[in-house]
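The structure appears right after this line, and notes come after that.
The values are calculated or read from the model by the stated rules, or taken from the named source; none is laboratory data. Bear in mind that the values here come from a model prediction, so they are computed numbers and not experimental data. A quick note on method: Cβ atoms are made from the backbone with ideal geometry, for glycine too, and the neighbour counts reach across all protein chains shown.
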Amino acid sequence: MDNLVFDTKEITALIGAYIWPFARIGAMFAVAPIFSSKQVPKKVLIVLAFVCSILIAPLLPPLPAVDFISGEAFLIMINQIVIGAAIGFVLQFAFGIFVVAGQIFAMLTGLGFSMMNSPQDGVQVTVVGQMYVIITTLFFLAMHGHLFLLQMLFESFYKIPIGLQSIPAENLWLMISWGSQFYMHAVMIVMPAIAAMLMVNFSFGVMAKASPQLNPFSIGFIITIILGFVIFLVTLPGLIPYFTKLMEESFSLVERILVIP
């Protein structure tokens, strides 16, 4: 039996066939919600990205014929990281909206004193914000959003094949422009709470003016917290439709930024 002989080009091409997909998939896992959670061990993410790379590598379009140890190969690697990170960032951005909405809600209702460590980001957030994140995460998994995200990631290899071509600058600008609506969406989520607390504070002001001896501000903090819990329970059912709308906009934006003009 003849011995198998591989030259340098064949070896570097074989390495590139798995390393370049691994870079795009790993970058997406490192940024996307749920996958990038502090509770998920990094070793698990690396193994998962490597397994996905092995599964997708035989189905990819023809790879560029470049030396793996060269400047072009390095640029291709950077392009894959940018593409994967952009896909994950759009979804992470949508989840961040609910964290900010929870922060605003907590500060309005006096619940901002209750803080906890977020398992998603590893930073201190309000309990209300963490409740929003838990609810949206469970609904995201229930609607198979993680599977749809993986599907879009694999489809990106056909929309933007591995090579020197990356996401166009105008498409990246679309993502940045959508990010300018970050606080607008957060405020819209807690708008009922803003209106309700405005009416409560206005009522306290009228009571203090009409009967100064009552001193409603002495018990206003307790009333504000109690009303905060009530407003949270009343507005909670409207959270899911808004999250569904944001997910549709997010996945639509991912499809738009992966289009090469």
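The residues in region 20-63 that are hydroxyl-bearing (S, T, Y), modelled with pLDDT of 85 or more and farther than 20 Å from S166 by Cβ can be counted, and the count is 0.
Taking the numbered list (1) within 21 Å of the chain's Cα centre (by Cα); (2) modelled with pLDDT of 80 or more in turn, F232 passes all entries but (1). Only residues that are in contact (Cβ under 8 Å) with a residue 60 or more places away in the chain, among the hydrophobic types (A, V, I, L, M, F, W, C) and within 30 Å of S70 (Cα to Cα) were counted across region 151-205, and they come to 9.
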